[in-house]
Amino acid sequence: MPDKKYVTIFLEGRRIRVPEGYTVIEALWDTGHDIKRGVGCLSGLCGACAVAYLEPGGKRVKFGLGCQTIVKEKMDITVMPFFPSRMAKYDISNMEKPIDKLLEIYPELNMCKSCGFCSVACPEWINVSKVMSYLKDGRYEEATEMMFDCILCGLCASRCPRGIAPQIISLFVQRAIEKDRPVPENLRNRLKEIEDLKDEEIWGNILKMDEKSLKDFCEKVRKESD
Ligand code: SF4
Ligand code: SF4
Ligand code: FES
């Protein structure tokens, strides 16, 4: 078996050696760091594991996700702490045309100066600054589409010199435009059926079925829907 290769990195200010190919999170665990808060899915989806790092010879600090960033020789890495973001209180279900209240709820949107610091920090390569410009211009659909991959890691907010939390503002906009979007008729009917517990008896019967009955039932439903 070939010898395991190692890289030397600077993790949280300490010089350590870890196996080549490890992610930052694996390197932290390998060296006995008790890291719980900054770890969730380990798949680049939950946004819990933001890190900042400087590559050897690099001219500026980069940002990424600890579970997706592979350590490299002489990399200088730190785990980002939780960063507070203002989340306004609102009850969207009782709001008439909630999108019209955007600037009332998040007036700081108007303080955005399109500096782009938020975009540089985003590990999902979202042009957050452009999203903010779109929101200011009322181009809500385009803005929310651009934020589709946002994992709410909060790195953009941690970089903003104006104290704006783009991910939180965008969340409100997504909720607001969804609320105003008409619900398709088939979905509305289905929701009503669920509300009325229309399928309760069918589900009760399904739960009692043995494997063969379940297969026959599925086959029958499949044929009916063909
Ligand atoms: S960092 Fe702040 S001020 Fe700069 S573009 Fe992003 S949201 Fe606007
Ligand atoms: S937009 Fe902000 S919160 Fe969303 S992934 Fe990018 S940096 Fe993280
Ligand atoms: S642990 Fe969820 S994104 Fe890294």
### Message
Need the list of lysines near LYS220 for cross-linking: C-alpha distance under 19 angstrom, and skip anything on the same chain fewer than eight residues off.
### Response
LYS208, LYS212
### Message
Give the lysines whose C-alpha is closer than 21 Å to that of LYS215, dropping any in the same chain fewer than 8 places away, or say none.
### Response
LYS223
### Query
Packing-wise, with mean Cβ within 10 Å as the measure, how do 37-45, 159-167 rank, highest first?
159-167, 37-45
### Task
Quick one: what are the phi-derived ³J(HN,Hα) couplings along segment 127-137, Karplus 6.51/-1.76/1.60 with θ = phi - 60°, whole Hz, x for glycine and proline?
7, 4, 4, 5, 4, 5, 5, 4, 5, 5, 8
#### Entry: Lone cysteines, the chain (no partner Cβ under 4.7 Å)
CYS49, CYS67, CYS112, CYS115, CYS122, CYS150, CYS153, CYS160, CYS218
### Task
Would you please give the residues with an amide H less than 5 Å from that of TYR6, counting only those at least 5 places away or on a separate chain, with H modeled from the backbone geometry?
GLU20
### Message
I need the phi-derived Karplus couplings for segment 166-178: 6.51 cos²θ - 1.76 cosθ + 1.60, θ = phi - 60°, integer Hz, Gly and Pro marked x.
### Response
x, 5, 6, 4, 5, 4, 4, 5, 4, 5, 5, 6, 5
### Summary
Note, segment 150-156: 3J(HN,Hα) by Karplus (6.51, -1.76, 1.60, θ = phi - 60°), whole Hz, Gly/Pro = x, goes 4, 10, 6, 6, x, 4, 4
### Message
Going by average Cβ density within 10 Å per residue, which order do the peptides 200-210, 171-181, 114-124 take, highest to lowest?
### Response
114-124, 171-181, 200-210
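Classify the chain as rounded, prolate or oblate from the Cα gyration tensor: take a ≥ b ≥ c as the square roots of its eigenvalues, call it rounded if a/c is under 1.5, otherwise prolate when a/b beats b/c and oblate if not.
Judged from the Cα gyration tensor, the chain comes out oblate (a/c at least 1.5, b/c at or above a/b).
Bear in mind these aren't lab numbers, they're just calculated from the coordinates by the rules spelled out. Bear in mind that the values here come from a model prediction, so they are computed numbers and not experimental data. Ideal geometry is used to build each Cβ from the backbone, glycine not excepted, and the neighbour counts take in all protein chains shown.
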